[in-house]
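Here's the structure, in structure tokens; my notes come after.
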Amino acid sequence: MIHDLFHPKRVAVIGASTKDLSIGNVIVKNLLHYNFQGEVYPINPKAPKIRGLKAYASILDCPTDVDLAHISIPSKFVPLAIEQCGQKGVKNIIINSAGFKEIGAGGEALQKLALETAKKNNIRLFGPNCQGIINTHPDYKAYCDFTFTYPKSGNISIVAQSGGVGAVLMQRFFDLDVGLRFYASNGNACDVSIPEIIEYYGEDEETKVIVLYVESFSDPSEFIEVAKKVAKKKPILAMRAGRTEEGAKAALSHTGGLVGSGLAIDLVFDKLGILAFSDEEEMCQSAIAFAMQKVPSGNRVGIITDTGGPAIIATDTLVQGGLIMPDLSKGAVSHLQTKLFPEASIANPIDVLATANATHYRAAMDTLLEEEQIDSIFINFVTPPFVDCQAVAREMVAVSNLGQKPIVCNLMTDRSQWGKTVEILNKGNIPCYDFPEGAAKALASLVKYGDILKREDSEIVDFNDLDKDACRQIIENAQENQKEILEAKDVYKILEAYRIPVAAWGIAENENELPQIANSVGYPLVLKADSVEAVHKSDQGGVKLNIQNEAELKIAAKEIKESIKAGDLKYFLQEFSPLGHEIIIGAKDSPGIGHVIMFGLGGIFVELLKDVSFGLSPLSKAEAENMTESLRSAQILKGYRGEKGGDLKGLVEIILRVSQLVSEHPEIEELDLNPIKTIPGKCLCVDARIKIGSKK
Ligand code: ADP
Ligand code: MG
């Protein structure tokens with residue numbers, strides 16, 4: 001059905017107007033201007049003709065069936081118009097009109113009514129509050145949109161929640177003379193969803209790369225499921241947006257969707273294999289590389305240049321992007337000595353010199369194709385006025401057409417004087433860039449996607465030594481009693497049920513019970529306040545460390561009681577554990593996406609240096625290992641200059657157990673193990689908090 005949306009044959013424009021400056025008029029204009037081959041029926045009860053086409057008073061008067069209708073009339077009339085479309089047998093409607101969910105409660109009710117009416121009539125709704133779709137295919141050209149850029153046909157498909165962003169991306173590709181395949185901007189997305197469009201693009205053979213702009217997901221799980229599948233087939237390039245608090249607020253008021261936490265979205269993109277960008281230009285430039293070239297089989301690049309400086313800049317950016325520049329083989333060097341000018345520099349980069357002609361370039365390219373330790377070719381080409389640059393360009397195209405190794409080109413030229421050269425390269429599918437950094441970043445994106453394709457489907461670890469029932473029981477009880485913050489007893493029982501190592505503990509309901517519980521825990525011990533009012537215990541004087549005997553215990557209890565004047569105060573007694581490093585492991589729910597899991601070294605590393613790593617549950621072993629490896633302070637855990645490290649294996653296991661715990665109990669909104677104390681071979685959690693969400 002969504003295929004029909006992108007391939008309309010007979011389009012009615014409800015709200016078509018004789019006024020040039022109106023959306024209904026522009027849509028008719030665009031359909032005609034973009035050479036839509038089907039029928040266009042302007043619907044207007046008053047005007048006899050619009051843009052030279054016969055207008056009809058109602059969609060019911062159209063002489064043939066209609067398969068797609070635009071609606072651009074005031075929102076309150078939209079449900080009735082949908083009803084009439086139903087009578088006419090319309091299958092898809094694009095609602096351009098605004099005045100729905102994005103304006104608040106009244107609009108939301110209207111949107112709901114529109115959707116219900118559509119469902120009843122078996123109609124798919126696109127929008128409301130949106131631009132529409134464009135199909136650039138010469139046989140199915142359709143401009144069902146009110147924007148102004150007329151894209152040429154190509155292989156990049158755009159889906160953008162925001163029409164403003166989508167239109168700018170479309171214009172940029174147009175300016176760069178690069179074609180598009182499909183364009184879709186669905187605004188409030190009450191029915192046809194972004195995941196559905198991504199899935200459709202994924203199946204479309206002519207779409208080589210998908211460019212995505214999204215601010216919020218109404219159903220993140222639908223997106224995750226689709227994107228995971230599609231990203232393995234073709235690259236999805238996405239803009240990160242709404243990542244700062246300020247950005248997120250803007251997104252909320254913009255489309256009326258709920259914005260997931262920016263961090264969680266970043267993690268989702270990463271986990272799904274979506275290439276995320278924070279710069280629109282960079283995303284467009286990378287998309288062009290994907291549209292024109294294949295993905296390299298590895299990260300080893302050979303550079304050919306006819307000028308020195310840009311090759312150095314390119315090298316820097318390539319290396320930063322994770323590429324390496326292997327040396328040329330001896331055979332290659334001696335071969336090129338016979339083919340290039342004697343002054344040429346034969347290494348990687350190969351400097352063919354400014355006077356190099358097409359034969360020299362060809363020899364250098366052929367050599368890089370032959371070199372097994374090279375996966376891609378980067379060309380710095382400044383167009384010398386004393387060289388037949390068109391011939392050089394033709395050789396690049398010829399080599400690219402062999403389809404062996406991808407080529408990108410940093411083309412330094414005056415595009416008006418060297419127009420023909422530019423045209424040869426563009427028609428020949430050589431992605432050309434104005435600066436070495438741009439070309440290098442685009443190539444790095446190709447390499448990154450190659451890595452994603454090579455990623456093995458990492459298996460989620462599933463421990464089977466758990467007491468899930470015990471855990472469930474505690475959570476249900478808490479929810480029934482409307483307890484959000486669990487008391488210590490429940491927290492530690494949950495951790496024990498998931499076999500997360502905790503220091504020996506006991507709880508004294510009052511002072512009298514202290515000596516006996518202390519004996520069962522054993523000295524030296526730690527005494528802590530157990531009260532929902534004492535969340536940050538040590539700040540409130542609720543933690544007494546290294547208690548050696550009963551006398552000290554009594555004093556400590558008295559001091560705690562004086563500091564924490566809480567009605568529910570109990571005493572939490574815990575084995576004192578002087579073990580080495582302090583670690584923090586936490587989890588925070590991102591509804592619909594999963595839990596963000598955090599790992600870091602405690603103390604200043606977390607507070608001052610913010611040296612923490614994140615993952616998204618459920619985690620695989622490789623992901624958990626990566627979290628411990630990617631800390632800047634990772635070396636401390638491995639042991640450094642005679643200082644002992646920690647139990648990395650044990651920590652990875654705790655991360656995985658926490659990930660399983662929160663995945664299996666999504667009611668857990670927040671969880672904090674802070675600190676876990678660790679030395680080589682041993683980990684012990686000595687403080688933990690769990691916050692449960694209210695029953696849904
Ligand atoms: P809170 O985080 O509520 O202030 P904690 O229970 O984490 O309270 O205690 C504060 C600090 O005391 C911990 O970060 C840790 O350095 C130390 N500590 C707590 N419990 C123990 C213990 N059982 N053994 C050794 N040190 C501990
Ligand atoms: Mg703590």
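Only one residue of F277, V333, P296 has its Cα farthest out toward the positive end of the dipole of the stretch 275-336, where Lys and Arg carry +1 and Asp and Glu -1 on Cβ, and that residue is V333. Ranked by the mean number of other Cβ atoms within 10 Å per residue, highest first, peptides 142-153, 416-427 order as 142-153, 416-427.
Note on the stretch 1-146: with charges restricted to the Cβ of Lys and Arg (+1) and Asp and Glu (-1), its dipole about the Cα centre is near 220 debye. Cross-link partners for K228 among the lysines, with Cα-Cα distance under 22 Å and sequence neighbours closer than 8 places in the same chain left out: K208, K271, K294, K448, K454, K621. Residues F381, F174 ordered from highest to lowest accessible area at a 1.4 Å probe: F174, F381.
Couplings for the stretch 610-626, taken from phi via the Karplus curve 6.51 cos²θ - 1.76 cosθ + 1.60 with θ = phi - 60°, read 6, 8, 10, 10, 10, x, 10, 6, x, 8, 8, 4, 4, 5, 5, 4, 4 Hz in order; Gly and Pro are left as x.
With the contact rule set at Cα under 8 Å and sequence spacing of 6 or more, what percent relative contact order holds for the stretch 250-400? Reported relative contact order: 26 percent. Its Cα centre serving as origin, the stretch 294-454 has a Cβ charge dipole (Lys and Arg +1, Asp and Glu -1) of approximately 400 debye. Helix 468-480 and the long axis of the chain differ in direction by around 90°, with both axes built from C-alpha atoms. Starting from a Cα-only point model with no solvent, please compute log10 I(q)/I(0) by Debye for the chain at q = 0.06, 0.09, 0.12 1/Å. Ignoring solvent entirely, the Cα scatterers give -0.50, -0.92, -1.20. With distances taken between every two different alpha-carbon atoms, the stretch 1-146 has a Kirkwood hydrodynamic radius of 14.9 Å. Heavy-atom accessible area for H3, with the other protein chains in place and a 1.4 Å probe, reaches approximately 90 Å². Rounded to whole Å, the principal axis extents of the Cα atoms in the stretch 504-639 read 48, 38, 28, largest first. Counting lysine pairs in the stretch 1-146 that sit 8 or more residues apart in sequence, or on different chains, and whose Cα atoms lie under 14 Å apart gives 16.
Per residue, the chain exposes 44 Å² of accessible surface when a 1.4 Å probe is rolled over the protein heavy atoms with every protein chain present.
Peptides 277-284, 349-356, ordered by how many other C-beta atoms sit within 10 Å of their residues on average, highest first, read 349-356, 277-284. Charged side chains reduced to their Cβ positions (Lys and Arg at +1, Asp and Glu at -1) give the chain a dipole of some 1720 debye around its Cα centre. Ordered from highest to lowest accessible area with the whole protein assembly present and a 1.4 Å probe, M365, M598 read as M598, M365. The order of the peptides 678-685, 335-342, 37-44 by mean Cβ neighbours within 10 Å, most packed first, is 37-44, 678-685, 335-342. Ranking of L53, L263, L237 by solvent-accessible surface, largest first: L263, L53, L237 (1.4 Å probe, protein heavy atoms only, all chains present). Express the carbon and sulfur contribution to the solvent-accessible surface of the chain as a percent, rounded to the nearest whole number, probe 1.4 angstrom. Here it works out to 51 percent. In the chain, the longest principal axis of the Cα atoms and the axis of helix 330-339 are about 20 degrees apart. Amide H to amide H, with H built 1.01 Å from N, N410 comes under 5 Å of I379, N380, F381, Y433, counting only residues 5 or more places away or on other chains.
Amide H to amide H distances under 5 Å link I50 with A55, where only residues 5 or more positions off or on other chains count and H is placed in the peptide plane.
Only helices enter the 222 nm calculation for the chain: every DSSP H run of n ≥ 4 contributes -39,500 (n - 2.57), and dividing by all residues gives -12000 deg cm²/dmol, rounded to 500. The calculated FRET efficiency for D65 paired with D175, based on their beta-carbon distance and R0 = 45 Å, is about 0.70.
The values are calculated or read from the model by the stated rules, or taken from the named source; none is laboratory data. Every value quoted in this text rests on a predicted model; they were computed, and no experiment measured them. Note: ideal-geometry Cβ built from the backbone for every residue, glycine included; neighbour counts use all protein chains shown. The accessibility values were calculated without ligands, DNA or RNA, using every heavy atom of the protein model including side chains. Shrake-Rupley method; radii C 1.70, N 1.55, O 1.52, S 1.80 Å.
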